[in-house]
Every structure is written in structure tokens, then in C-alpha cells.
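Input: a single structure, listed below in C-alpha cells.
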Amino acid sequence: MGLAEITQRIAAAEAEAGRAAGSVTLIAVSKKQPDARVEAVLEQGHRCFGENRVQEAEAKWPGFRDRFGGIELHLVGPLQTNKARTALGLFQAIHSLDRPKLARTLARLAQEEGHCPDLFIQVNTGEEPQKAGIAPTDTDAFVAECRQLDLPVRGLMCIPPVDEEPALHFALLAKLAARNGLEGLSMGMSGDFERAIAQGATHVRVGSAIFGERDEG
Ligand SMILES: *Cc1c(COP(=O)(O)O)cnc(C)c1O
């Protein structure tokens, strides 16, 4: 597939949904991809990338940033509180705000550092016990708690259960966001980003459809 095709498909999905061209941000998820593939996408002019591990991002991106200007980096995977300060220095957005303790840590660090990335609250829409995220019924209260901490919450994020129709989860996330006056919707991956755009996604996180299969070793 590759970047050009995914960009085209996003534009088509925006049009199909009656949404403005360019209203969806493509986060190219480069986790576990060889540097050469990431570099190829940078060479094509793309600047918005996602990683799911702080350590991997820390190893990979400073070098690219020395060579390519304007890179915007999004953390899409779990964040341990002891890596939060590093994350604050590395990422322009964090999509995995999933618990009160992390909210309090980010609020304190944001005070100390004088800035904070854009935040998306991860909602466990499928209420899967093994998955991170705030339960749908706890979302309103958690959004309020984050706002009280002065955190820049831009939206909600979800990863639907693998064996369920994702559109139902996208619709639930959109409803929770609207109810809380949040505009950002981080939802949709390689297999379902068009359905996510139909439901209002503002940020799609696409990895393998751009870069090819990951080296899971
Ligand atoms: C890996 C990952 C993606 C990208 O997945 P693909 O199926 O390769 O598009 C998106 N979101 C999160 C949270 C991920 O961990």
C-alpha cells in the first residue's frame, strides 16, 4: 500500500462522510519499523508519526529530527509514570491518558516544565479486562478530573476489541466525546480507518498499511 494510497483513501473517506478535506490527521505509526522505511515516508514529506513505546521513540527520533524539520510525534501506547517526563520532552501528543495517577503526574510535570502535550483520554470501549483505558461509565468523571488539573485534554481515543465490529465502538467514543465537549477523536487503524472517519475520527493511527508488516521479533 504505502503513504500515497492511504492519503488518497483518507481523502475519499472524508468526502464520502461529507467532511472537509484535511479534517483528518494521519498519524503514521512507525513502531518496530526499520529506519529505512520511516526515512522513505519522511522523504515523501510526511511529518506526523506515532510510536507506542517511549524508549523506542527516544532511540529513533532525535536522529530523524536532526535531519528533518517539523516532525510531530504522538505517543499511542501505554505510559508509565516514571517515563512521563521523558514523554513530555519527546511527544507533541499523548493518546494514552488512562488513569488518575498518570493525570496527576502529567499535571505536576506540566507545571514544572511549563508545557504539556495535547492529551487524549484512552477509553476501554469494549470493557476488556486486559486492556488499558477508562471505562465508558467513568469517562465523564475522569474528563472533569483532568480539566480540574488544568490538563489540555483534546479528545478521546479507543482501540476496539479485535473480534467486534469497530463501528459500534467508534460511535460510542464519538458520543462520549460530544457529551463532554471534546473535539478530538483518535480512532481507526490500518483495517478500519475509513469506518472511523465515517464516525468522525479526527486522528487515525495507521501503521502496517503504510509501512508494511512490522518486525514483531
Ligand atoms: C500499532 C498501533 C496502531 C497501528 O496499527 P496498524 O494495524 O499497523 O495500523 C494504532 N494504534 C495503536 C495504539 C497501536 O499500538
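The values are calculated or read from the model by the stated rules, or taken from the named source; none is laboratory data. Predicted, not measured: the structure shown is a model, and the values here were computed from it. As a convention, Cβ positions derive from the backbone with ideal geometry for all residues, glycine included, and neighbour counts pool all protein chains shown. The area values use the complete protein model at the heavy-atom level, side chains included, leaving out ligands, DNA and RNA. Shrake-Rupley method; radii C 1.70, N 1.55, O 1.52, S 1.80 Å.
Points worth noting:
- Centroid-to-centroid separation of the stretch 6-23 and the stretch 146-217 [C-alpha atoms, Å]: 16
- ³J(HN,Hα) computed for each position of the stretch 5-18 - Karplus, 6.51 cos²θ - 1.76 cosθ + 1.60, integer Hz, glycine/proline x: 5, 5, 4, 5, 5, 5, 4, 5, 5, 4, 4, 4, 8, x
- Near the amide H of Leu97, within less than 5 Å, lie the amide hydrogens of Phe120, Gln122, all on another chain or at least 5 residues away, with H placed in the peptide plane.
- Glu72 long-range amide H proximity, modeled H, under 5 Å: Cys48, Phe49
- Charge tally in the Cβ shell below 12 Å around Gly133, where Lys, Arg are +1 and Asp, Glu are -1, Gly133 excluded: -2
- Compactness of the chain - radius of gyration and Dmax, Cα, Å: 16.6, 45
- Fraction of accessible area attributable to carbon and sulfur, the chain (%, probe 1.4 Å): 48
- The stretch 33-55 and the stretch 98-145 have Cα centres separated by 26 Å.
- For the options Leu42, Leu156, Leu97, a Gaussian network treatment of the chain with springs between C-alpha atoms closer than 10 Å singles out Leu42 as fluctuating the most.
- In order along the stretch 188-201, the Karplus-derived 3J(HN,Hα) couplings, from 6.51 cos²θ - 1.76 cosθ + 1.60 at θ = phi - 60°, round to x, 10, 3, x, 8, 5, 5, 5, 5, 5, 4, 9, x, 3 Hz, and Gly and Pro are given as x.
- Eligible lysines near Lys175 by straight Cα distance, threshold 16 Å, same-chain separation 8 or greater: none
- Ile121 accessible area, assembled protein chains, probe 1.4 Å, Å²: 0
- Figure note: Ser30, Ser190 ranked by solvent-accessible area, largest first, 1.4 Å probe, ligands and nucleic acids not counted: Ser190, Ser30.
- Reachable lysines, given that their alpha-carbon falls under 18 Å from the alpha-carbon of Lys32 and they are not under 8 places away in the same chain: Lys60
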